[in-house]
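Report on the structure given below.
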Amino acid sequence: VDSGGNTTLGGGSAGNVTLTLGAGTGYQGAIRYNGTSDRLEFYINGTWVPLGDYTNMVTLSAEYPGAVLSADGTSNTGVMTSDSEGTSANSMNYYEWSSSETSLNDYDVRVRFTLPADFDSWTGGGINFNLATEATGTTNNKADIYIYRENSATIDASSTGRASSTAGVWTTNTWINGADLNECTGANTNCMFIIKMSSANDSYVRIGDIDIQYRRSL
């Protein structure tokens, strides 16, 4: 026991120490540190179960659950499709918006998402939107992304004017840092992702996987 009151169980030759819980008769449980896998493990009914990472990832793939397509009432002429790109073992599902108008026309993909029951915080995490545009720059194509807490009129975080740095190539540079989210936080909180896709001169915008990384509770 150190001066701060922290107790350390000394490791054996394998670096593992088992703490047995129970009266010694009937059922017992145990906790140990596995030095090989760098994991805490729990023992019950003859099986060691490792404690998972404190971070977790949820991926939404198009067509996203709880998503709708929505026009804002002005400059919404174009075509929205959904498709998949790549091989069967390594592909990206996506929504594609394209407009033949000479000025940017837009359409929204609105995704309602409930933060998981084991959500603890955004520490070290955030939300990443995979996208691809036919052209670089934002003259003929771009994506603007906004995040709201349900029933709030305030934009909680955003990432706007996004396009591929290399024409037609998927990019993940639309990361929204969890530290920027103040309302869309807390287990079972309902959030809205609004992805505004803008196109002109038949230059497409594609939105693919949405990766949500967070710190989970145990």
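The values are calculated or read from the model by the stated rules, or taken from the named source; none is laboratory data. Since the model is a prediction, treat every value here as computed from it, not as a measurement. Counting neighbours? That spans all protein chains shown, and the Cβs are built from the backbone with ideal geometry, glycine included. To get the accessible areas, we keep the full protein, side chains included, count just its heavy atoms, and leave off ligands, DNA and RNA. Shrake-Rupley method; radii C 1.70, N 1.55, O 1.52, S 1.80 Å.
What are the residues in the stretch 202-218 that are in a strand (DSSP E or B) and farther than 30 Å from residue 51 by Cα, if any?
Taking the stretch 202-218 as the starting set, the residues that turn out to be in a strand (DSSP E or B) are 205-216.
The answer is 205, 206, 207, 208.
Mind listing just one residue for me: the one in the stretch 120-143 that is out of contact with any helix residue (DSSP H, G or I) (no Cβ under 7 Å at 6 or more places or on another chain), open to solvent by less than 10 Å² (accessible area, probe 1.4 Å) and of a type outside the set (A, V, I, L, M) and, of those, nearest to residue 107 (Cα to Cα)?
The extreme case among them is 141.
Output the residues belonging to the stretch 102-160 that are hydroxyl-bearing (Ser, Thr, Tyr), outside any strand (DSSP E or B) and touching a strand residue (DSSP E or B) at 6+ places or on another chain (Cβ under 6 Å).
From the stretch 102-160, those hydroxyl-bearing (Ser, Thr, Tyr) are 102-103, 107, 114, 121, 123, 133, 136, 138-139, 146, 148, 152, 154, 158-160; that's our starting set.
From what is left, the residues that are outside any strand (DSSP E or B) are 102-103, 136, 138-139, 152, 154.
If the condition is that a residue be hydroxyl-bearing (Ser, Thr, Tyr), outside any strand (DSSP E or B) and touching a strand residue (DSSP E or B) at 6+ places or on another chain (Cβ under 6 Å), then 138 is the only one that fits.
For the stretch 58-91, which positions are polar (S, T, N, Q), open to solvent by 80 Å² or more (accessible area, probe 1.4 Å) and assigned to a loop (DSSP other than H, G, I, E, B)?
Answer for the stretch 58-91, where residues must be polar (S, T, N, Q), open to solvent by 80 Å² or more (accessible area, probe 1.4 Å) and assigned to a loop (DSSP other than H, G, I, E, B): 74, 88.
Are any residues in the stretch 92-104 touching a Lys or Arg at 6+ places or on another chain (Cβ under 9 Å) and open to solvent by less than 50 Å² (accessible area, probe 1.4 Å), and if so, which ones?
Across the stretch 92-104, the qualifying residues are 92, 94, 95, 96, 97.
Within the stretch 117-138, how many residues turn out to be among the small types (Gly, Ala, Ser) and within 24 Å of residue 183 (Cβ to Cβ)?
5
Among the residues of the stretch 177-201, which ones are in a loop (DSSP other than H, G, I, E, B) and closer than 19 Å to residue 71 by Cβ?
200
Restricting attention to the stretch 168-191, does a residue exist that is crowded, with 20+ Cβ neighbours inside 10 Å and over 30 Å from residue 118 (Cβ atoms)?
no
What are the pairs, 6+ residues apart or on separate chains, where a residue within the stretch 117-132 that is over 10 Å from residue 174 (Cα atoms) and in contact (Cβ under 8 Å) with a residue 40 or more places away in the chain has its Cβ under 9 Å from a residue that is among the acidic types (Asp, Glu) and open to solvent by 50 Å² or more (accessible area, probe 1.4 Å)?
Close Cβ pairs satisfying both conditions: 122/180; 126/180; 132/85.
Within the stretch 7-45, take every residue that is surrounded by 11 or more Cβ atoms within 10 Å (Cβ to Cβ) and among the aromatic types (Phe, Trp, Tyr) and give me the one that is modelled with the highest pLDDT.
Step by step, filter the stretch 7-45, then rank; the result is 42.
Looking at the stretch 146-162, is at least one residue open to solvent by 30 Å² or more (accessible area, probe 1.4 Å) and touching a Pro at 6+ places or on another chain (Cβ under 9 Å)?
Looking through the stretch 146-162, none of the residues is open to solvent by 30 Å² or more (accessible area, probe 1.4 Å) and touching a Pro at 6+ places or on another chain (Cβ under 9 Å).
Please verify whether residue 210 is out of contact with any Lys or Arg (no Cβ under 8 Å at 6 or more places or on another chain), surrounded by fewer than 17 Cβ atoms within 10 Å (Cβ to Cβ) and aliphatic (A, V, I, L, M), treating the condition exactly as stated.
no
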